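Below you'll find the structure, written out as structure tokens, and then a few comments.
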Amino acid sequence: MTRRAVAAQARVEMLLTARRGENVLVTLVIPIGVLVFFAKVDAVDTGFAQPVDFLVPGVLALSVMAAAMVSLGIATGFERRQGVLKRLGATPLGGGGLLAAKTVTVLLLEAVQLALVAAVGAALGWEPTAGLLPAAGLMALGTVAFAGVGLLLAGTLRAEANLAVTNGLFLVLVFLGGMAYPLDRLPAALEALARLTPAAALAETLRGALTPEPVPGGALVVLAGWAIAAPLAASRWFRWEE
């Protein structure tokens, strides 16, 4: 495995991602749409003077989930069914190089998402704080967690089942993630369940980093737990071909 080979594969991965209309929709259009809609409609009392200050961290969490779980997981699942993973793994790139290229692709995609969300948020009145560096670290931790979940599903389910389960899980986590409304708006039992999800944990910790509120320790522990458990499970049960 060489850096040149990884870079070349990452370019191919990025081009393929850009050509998939559903990927562009989930990773770019939906997060920006959620940000603009809820900032303009102001349908939920977020407890913030400016709703956009509450929304930007949640939309960043949504973006990480879309890139690291949905985009990566679904594409990997179909590549696995088509034998692409097995063939690339047998090349000089190797399995490690392939995973490195996919990681680079996800990080590049998230960089684009971050730039777009920040630009739209700023246009809506959001002012970045000094917590940008901790927020970047939390997004990296969330990327590890969601990539682990995406690869676990992609490596254990058939491609069609993986597509359905990943999209379904995405919708559930959007609902439970507290990305567009505070978690305490949920019924008590559902709120307790939501706080155990990586989506809510990432949204809450990013909100703590990017607003005057403190980073909630419990949410940080949950996020770290997912970032450890999900990749370990993926590495244990991932199968390179159906």
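Bear in mind that the values in this text are calculations on the coordinates, not laboratory data. Computed from a predicted model, the values in this text were never measured in an experiment. Here Cβ is always computed from backbone atoms with ideal geometry, including for glycine, and neighbour counts include all displayed protein chains.
Only the Cβ atoms of Lys and Arg (+1) and of Asp and Glu (-1) were treated as charged; on that basis the dipole of the chain about its Cα centre amounts to roughly 1100 debye. Distance between the 7 Å Cα→Cβ label points at Glu241 and Ala115: 3.9 nm. Compared with the alpha-carbon gap, the fully stretched path from Ala189 to Leu133 is longer by 16.8 nm at 0.36 nm per residue.
Beyond 16 Å, what percent of the Cα pairs of region 135-222 remain? Percent of Cα pairs beyond 16 Å in region 135-222: 56. Give me the angle, in degrees from 0 to 90, between the Cα long axis of helix 94-123 and the longest principal axis of the Cα atoms of the chain, rounded to the nearest 10. Value to nearest ten degrees: 30. The share of Cα pairs per 5 Å bin across the chain, counted from zero up to the longest distance, runs 1, 7, 14, 19, 19, 16, 11, 7, 4, 2, 0, 0 percent. In the chain, the longest principal axis of the Cα atoms and the axis of helix 51-65 are about 10 degrees apart.
The GNM of the chain, with springs linking C-alpha atoms under 10 angstrom apart, assigns the highest mean-square fluctuation among Phe37, Phe146, Phe54 to Phe37.
In the chain, the longest principal axis of the Cα atoms and the axis of helix 132-156 are about 50 degrees apart.
Among Leu171, Leu116, Leu107, the order by Cβ neighbours within 10 angstrom, fewest to most, reads Leu171, Leu107, Leu116. Per-residue packing, averaged as other Cβ atoms within 10 Å, sorts the ranges 9-18, 220-229, 147-156 into the order 147-156, 220-229, 9-18, beginning with the highest.
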